[in-house]
Amino acid sequence: MAANDLLWQQLRAGGLLTEEGASAARARVATSGEDFASACWALRLVPERDLARVLARLCGYPGIDLSACVLKLANLELIPEDVIRRQLVLPVLDSGYDIVIAMAEPDDSAVYDQLRFLTGRKVLRHVVVPGALRAVIEGVFKSRLAGAGEWRGREAWKLDPPPEGCVAFVHPSAEPAGAAAPAAEGAMPGLVGGVIAEVGERWLDGIFGGMEMPARAGAPLPAPAQPKPAIDARTTLKMDQLGVGTTVLVVDDDPEMRAMEAKLLEPFGCAVVQTGDGREALALARELKPDAILLDAMLPGMHGFEVCRAIKGDPALRGVGIAMISGIYTGWRIGADLKEAYGADYFFEKPFRIPEVSRAIRVLLLGGAGAEVLSRARRQEALATCHEALERAHTGRHSEAIGLLQAATQKDPFSAEPHFFLGQVLRQANQPYQAVAALERAAELRPDLDQPLTMLGELYLALGFRKTARDVLLRAREACADPLRARQIEARLAELGRA
């Protein structure tokens, strides 16, 4: 059935559009060529909020009522203007980690991939009425040209005083005619609560390796782990003089990417050798015996995977650390297979996070020992901060707990625990989009664990991201080693399939 017919059926079933109104909309579609939703919006037959709600239900992504939004025009800098106009997309909210995008076609995977590449962020897709989006795009760029700092929709102007940076999200299950969408907290099913309780009942040695989330206020906190020995002075000296006599080989067929990676290596003081060809990379590795290699996957001459396998298979080069980078091959399974089958030490997807690649280089160049001492010290400090934060969260002091957990993520940014617990507390504090960002980071750091993925999937579902929730829960099921939790996830997936 055509999308326009499905939309008409939903609008009619909800009592939002009469046969007479539908005829007028069809006539406009026939003459203008626009979609049915845009015709209904242009003729003021159905409120924009209700159109966004029905579109959200049909496509599996939450909607946005642009007429009730106050948009910060600084967000326009995140995406080139020609992409915004050509692809009918609009950045409406930036959390610093993820970015909320209004899209006429949120199912368009090519546009989604392009937005991820351009922004370097996790993209949260939201559906909007295409005609309304076109009008708003014109409006925001005119406002920016006039020197304004924000754009306000016609409904937002009615608010006194109007809010700043307000986005009117529309949940698929929201009631029509202006009723409020259900809060994310109330939409949480029992699976998430079960995970939280299960995590809080025991030490997470088998999950996160030594951090506990107490499940109830008043639950006893375990004693903090004994501090590890201080960082050895010789290690610090070696870090300061890292570049002495060290060489890093940068291999990528994109000259701009090679230049960026070489720039990234400047603080290490290393000699950087570059090439864009796979066969030449192998020859240079054998000639130079570098201390580390940044290696792209897709290369002319010889595939990066084969270069990696040849280097790791050479007894004279086996100790050379290799960080593989790819914009084509993605997913934690690819990373695991690369390490197991080809011997790569690290795997990063493009666009990668510079601090993570820098950390990997430091570990490779230090041979792991010095970096391990530093990592262990930071981890112990971060865990102590987490314990303090969770104690405050149990007494309802969420703002203080969030501040402490954010500090813990800065102290130990490459461990999943602080991000996982930050996501839980943010969810409890009714900050669901910030919670998504924290849980995404935890799942990214430990994709082999089901708990962060399960909680993330349920949060996506509560926010109206039905398709995204299903994908995340499938990942959780794949990663889950506990039979009971696996059955719970399977049951949840079955419910989604019936919805």
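Per-structure values
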read-out: Computed FRET value (nearest 0.05) for Asp108 with Ala316, which takes r as the C-beta separation and R₀ as 41 Å; value: 0.25
read-out: Computed lengthening from Gln410 to Ala146, 0.36 nm per intervening residue step minus Cα-Cα distance; value: 91.1 nm
read-out: Environment charge of Ala148, counting only residues whose C-beta is closer than 12 Å and scoring Lys/Arg +1, Asp/Glu -1; value: +3
read-out: Computed label-point distance, nm, for sites Thr395 and Glu444 using a 7 Å Cα→Cβ extension; value: 3.4 nm
read-out: Kirkwood hydrodynamic radius of segment 79-125, Cα pairs, Å; value: 10.4 Å
read-out: Debye log10 I(q)/I(0) at q = 0.12, 0.14 Å⁻¹ for segment 1-99, Cα point scatterers; value: -0.48, -0.63
read-out: Estimated FRET transfer efficiency when R0 is 30 angstrom, pair Glu280-Lys122 (beta carbons, to 0.05); value: 0.25
read-out: Kirkwood Rh, angstrom, segment 1-46 [1 / mean 1/r, Cα pairs]; value: 10.3 Å
read-out: Net length gained if the chain between Asp471 and Leu58 were fully extended (0.36 nm per residue, minus Cα distance); value: 147.0 nm
read-out: FRET efficiency, 1/(1 + (r/R0)^6) with R0 45 Å, evaluated for Leu73 and Thr31 via beta carbons; value: 0.85
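Since every read-out is calculated from the coordinates, none of them should be taken as a lab result. None of these values were measured; they are calculated from a predicted model. Note: ideal-geometry Cβ built from the backbone for every residue, glycine included; neighbour counts use all protein chains shown.
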